[in-house]
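Beneath this line is the structure, given in structure tokens, with notes to follow.
The values are calculated or read from the model by the stated rules, or taken from the named source; none is laboratory data. Only a predicted model underlies this, so the values are computations on that prediction, with no experimental measurement involved. Note that each Cβ is placed from the backbone with ideal geometry, even for glycine, and that neighbours are counted across all protein chains shown. Surface accessibility is based on the protein's heavy atoms, side chains included, excluding ligands, DNA and RNA. Shrake-Rupley method; radii C 1.70, N 1.55, O 1.52, S 1.80 Å.
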Amino acid sequence: MSGALTLYRAPFSTNVERVALALAYKGLSVQSVVIDYGDRREVERVSGQPLVPVLVDGELVVHDSTRILRHLERRNPDPPLFPSAPGERAAMDIFIDWFNRVWKVPPNRIEAELAQTSPDATIIAELGSLMRERLFLLNSLVQGRDFLFGPTLSAADCSAFPFLKFALRRDPADDELFHRILDEQQPLTDSHAALAGWIERVDALPRA
């Protein structure tokens, strides 16, 4: 494929950042179209749905950040974001699926609970405790490694970093409720040194 790339994005979007990291890592140029969260008509016109990111590659339109990562890998396999060995590829696919379907559940449920007229503090505390438990799991995963699956950036890092970075810092201009939850419910301690180092390494990488 050789079509021009256009990325529909929105400010502070975690899912857009997944794609921005991947594009920069692969050295791909992209034209950006920044949408307003209050007016999604343009992204709906292009993709038939309201969410970003959406990547337009020539005549092909791809939405959903994970699908876009896989598309970029097929389009430009070097440098790779996914392992070529079947077992290693399967392990990474499982991690990404776990992150999307399991890890993201507690913060999403906290956000939904906070939207209630009378949020249940017990439910929020239990979900926050689960998020903090998983910080230790992720810290162990990156122990002794520069990145989640080895010495170089991978699709796993692109998938997880935009959410886990809030454990270390949040842009003061970013006041989205979901991001405040990620900030408040993921306190790092001295026991998370490996994870903090990983966040710093990925944070220093360019974005498209």
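Considering only S129, S159, S65, the mean-square fluctuation computed in a Gaussian network model of the chain, springs between alpha carbons under 10 angstrom, is largest for S129.
Could you work out what % of the accessible surface of the stretch 39-139 is carbon and sulfur, using a 1.4 angstrom probe and leaving DNA, RNA and ligands out of the count? Roughly 53 percent, rounded to a whole number. Restricting the count to DSSP beta bridges whose residues both fall in the chain, what percent are antiparallel, rounded to a multiple of 5? Percent antiparallel among DSSP bridges in the chain is about 70. Here the contact order of the stretch 35-107, divided by its residue count and restricted to Cα pairs under 8 Å and six or more residues apart, works out to 13 percent. Per residue, the average separation of C-alpha pairs within less than 8 Å and at least 6 apart gives the chain a relative contact order of 24 percent.
Using a simple spin-label model with pseudo-atoms 7 Å out from Cα toward Cβ, D120 and R201 lie 4.0 nm apart. Among the listed options (1) 1.16; (2) 1.04; (3) 0.96, the one matching Cα Rg over 2.2 N^0.38 Å as calculated from these coordinates is (2). In the context of the full set of protein chains, residues of the chain present 49 Å² of accessible surface per residue (probe radius 1.4 Å, heavy atoms only). Rounded to the nearest 500, the 222 nm mean residue ellipticity of the chain from helices alone is -15500 deg cm²/dmol, with -39,500 (n - 2.57) taken per DSSP H run of at least 4 residues. Counted over the stretch 1-106, the DSSP beta bridges are approximately 70% antiparallel.
Of the residues A90, A160, A196, the one that moves most in a GNM of the chain with alpha-carbon contacts below 10 Å is A90.
Across D78, D146, D190, mean-square fluctuation computed from a Gaussian network of the chain (C-alpha pairs under 10 Å connected) peaks at D190.
Expressed as a whole number of Å, what is the distance separating the alpha-carbon centroids of the stretch 155-208 and the stretch 30-74? If you average the Cα positions of each part, the centres end up 24 Å apart. When you restrict to C-alpha pairs under 8 Å that are six or more residues apart and normalise by the size of the stretch 100-194, the relative contact order lands at 32 percent.
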